[in-house]
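Have a look at the structure below, then the notes.
The values are calculated or read from the model by the stated rules, or taken from the named source; none is laboratory data. Since we're looking at a predicted model, the values are computed, not measured. For neighbour counting, all protein chains shown are included, and Cβ atoms are generated from backbone atoms with ideal geometry for every residue, glycine included.
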Amino acid sequence: MSDRILTTWDACRLADIIRAAQGNQPVARLINDDVVYGTARSIGNQVGMFSRPTDDVRDLYLRVTSQAGFEHFWPVAQLMDELPDGLFAVNFPAP
């Protein structure tokens, strides 16, 4: 479980990520100077299993299907930090 205190800002960022997964929204993330565009699919562990009711969502992964068809599992806690900096974006269609 995450040791980090959940602030109001964190809760808002977390809500954006969860909504993206629930709505299969387009997402984009800057990784090593490349932008990966894809579709948010679900939140679970790093191999695609869905979360359990007792899991702290901040310790889980957002499953994203990239435009190239690859499955990515991005850590939710890391995405929460990247969202305000624009390194990760939700509801962001590919050009």
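Just a few scattered comments:
- Residue, surrounded by the most Cβ atoms within 10 Å (Cβ to Cβ), within the stretch 47-57, restricted to residues that are more than 19 Å from Trp9 (Cβ to Cβ) and of a type in the set (Val, Ile, Thr): Val47
- Qualifying residue in the stretch 41-54 (condition: within 14 Å of the chain's Cα centre (by Cα) and touching a residue at least 40 places away in the same chain (Cβ under 8 Å)): no
- Residue in the stretch 63-81 that is free of Cβ contacts under 8 Å to residues at least 40 places away in the same chain and at positive phi present: yes
- Residues of the stretch 53-95 that are out of contact with any Ser or Thr (no Cβ under 9 Å at 6 or more places or on another chain), of a type in the set (A, V, I, L, M) and in a strand (DSSP E or B): Ala89, Val90.
- Among residues of the stretch 1-34 being of a type in the set (Asp, Glu) and surrounded by 12 or more Cβ atoms within 10 Å (Cβ to Cβ), the one that is nearest to Pro95 (Cα to Cα) is Asp16.
- Consider the stretch 1-52 and keep the residues that are charged (D, E, K, R) and not in a strand (DSSP E or B). The one that is modelled with the lowest pLDDT is Asp3.
- For Gly86: the one exception among (1) under 19 Å from Trp9 (Cα atoms); (2) surrounded by 16 or more Cβ atoms within 10 Å (Cβ to Cβ); (3) not β-branched (Val, Ile, Thr): (2)
- Which listed residue, of Arg29, Arg13, Arg19, is touching a Gly at 6+ places or on another chain (Cβ under 9 Å) and of a type in the set (Lys, Arg): Arg29
- Members of the stretch 58-76 that are crowded, with 20+ Cβ neighbours inside 10 Å and among the aliphatic types (A, V, I, L, M): Leu60, Leu62, Val64, Val76
- When Asp59, Asp33 are screened for being charged (D, E, K, R) and without any contact (Cβ under 8 Å) to a residue 12 or more places away in the chain, only Asp33 passes.
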